[in-house]
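Presented below is the structure to which this report refers.
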Amino acid sequence: MSEATHATIAERNPFARSWELGKKIDPRYLIAFLITLVLLAAQYRFHMIGGYERLAVALLTCIVAEALLSWFVRGKIVNLQSAYISGISLTLLLKPQGGALWPFVLAGWLAIASKYVLQYRNNDLWNPTNFAITAMLLAAPNRVAVLSHQWGNDLATNLVIWTFGLVIAARVRVLHITLTYVASFLVLNALRSVVAGQPILPEIAPITGPMYQLFVFFMITDPRTIVKDRRWQVIVAVIIAATEALIRFAADQGAPLPTAFAVGPAFLALAIVVPITKFIDLRLAKSVPAGPRAA
């Protein structure tokens with residue numbers, strides 16, 4: 001189809017016009033918009049932030065850490081959009097004991113510092129927020145938990161977030177990763193419910209919650225940590241879902257796993273699988289261009 005035909009369709013179709021406009025916007029700002037939408041929906045509907053001081057501390061820590069480390073390592077202050085996404089993600093996901101604020105400070109520094117330390121061939125091996133959350137769960141399981149709320153039967157909230165999320169994932173060209181993981185999650189957890197003799201709906205319901213929305217739209221699709229080949233991106237998404245299912249099944253069987261595995265199996269699965277697959281991918285490739293930063 002010629003450019004002229006594309007232009008004609010865009011002029012006649014409002015959706016096409018919006019899509020063409022979206023192509024001109026830096027994907028990083030679309031991601032920032034989506035994470036902000038999740039935050040606003042979570043706070044408006046269920047007051048999940050737990051205090052605006054948490055948001056302020058997490059955002060300030062991530063932004064200051066990004067500014068200082070980028071200036072020290074690269075000699076200039078980089079775009080702070082990644083720090084903004086990490087700050088909001090940590091605000092939503094971290095649920096410390098009582099009113100403690102130190103977990104947001106520590107997690108913020110861990111998230112940003114991981115980008116400058118845990119690299120191979122100038123590529124990240126862990127998604128920053130995933131690394132910070134996993135480290136906090138492993139190091140302080142009695143002081144820190146993660147978000148477990150769901151939107152429940154609030155169809156409107158889910159519809160808005162998933163619509164924007166899927167459209168933006170398509171714009172950033174990672175929709176196949178999100179859909180593969182979601183499909184794998186549904187199939188594997190349905191199978192787990194049959195094996196365990198449990199109702200299926202409670203097993204698959206978490207996918208509608210804000211924790212998994214952050215996971216499927218920001219963490220597993222982080223352009224800096226996904227493998228290069230599209231086919232292997234799909235395979236890795238399946239491996240992540242399978243690893244998470246194995247962790248859940250092991251917890252069901254009473255396996256002596258650290259508390260973190262039972263509290264955040266999705267985060268642990270991602271933290272285990274991605275560094276290995278990314279390292280192998282980088283070893284096999286001559287060079288992998290860096291993509292826009294996710295959470």
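The values are calculated or read from the model by the stated rules, or taken from the named source; none is laboratory data. Since we're looking at a predicted model, the values are computed, not measured. Cβ coordinates were reconstructed from backbone atoms using ideal geometry, including for glycine residues, and neighbour counts include every protein chain displayed. Accessible surface is based on the protein model in full, side chains and every heavy atom, while ligands, DNA and RNA are left aside. Shrake-Rupley method; radii C 1.70, N 1.55, O 1.52, S 1.80 Å.
Structural remarks
- Any hit, the range 222-235, residues being out of contact with any helix residue (DSSP H, G or I) (no Cβ under 6 Å at 6 or more places or on another chain), assigned to a helix (DSSP H, G or I) and among the acidic types (Asp, Glu): no
- Out of LEU137, LEU186, LEU175, one residue alone is among the hydrophobic types (A, V, I, L, M, F, W, C) and closer than 30 Å to PHE72 by Cβ. It is LEU137.
- The range 78-112, subset modelled with pLDDT of 90 or more and among the β-branched types (Val, Ile, Thr), residue most open to solvent (accessible area, probe 1.4 Å): VAL105
- Hits in the range 182-221 - residues which are more than 26 Å from SER82 (Cβ to Cβ) and part of a loop (DSSP other than H, G, I, E, B): GLY197, GLN198, PRO199
- Scanning the range 32-54 for residues that are in a helix (DSSP H, G or I) and closer than 11 Å to LEU101 by Cβ returns GLU53, ARG54.
Let's see how each residue does on (1) over 19 Å from PHE215 (Cβ atoms); (2) at pLDDT below 85; (3) under 17 Å from the mean Cα position of the chain (by Cα):
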| site | (1), (2), (3) |
| --- | --- |
| LEU125 | no, no, yes |
| PHE131 | no, no, yes |
| ASN142 | yes, no, no |
| HIS149 | no, yes, yes |
| ASN153 | yes, yes, no |
| ASN158 | no, yes, yes |
| ALA169 | no, no, yes |
| ALA196 | yes, yes, no |
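- Restricting the first member to the range 193-222 and to residues that are open to solvent by 40 Å² or more (accessible area, probe 1.4 Å), and the second to residues that are among the acidic types (Asp, Glu), the beta-carbon pairs closer than 6 Å and six or more apart or on different chains are ALA196/ASP252.
- The requirement of being farther than 29 Å from LEU201 by Cα, open to solvent by 70 Å² or more (accessible area, probe 1.4 Å) and basic (Lys, Arg) is fulfilled somewhere in the range 113-123, by at least one residue.
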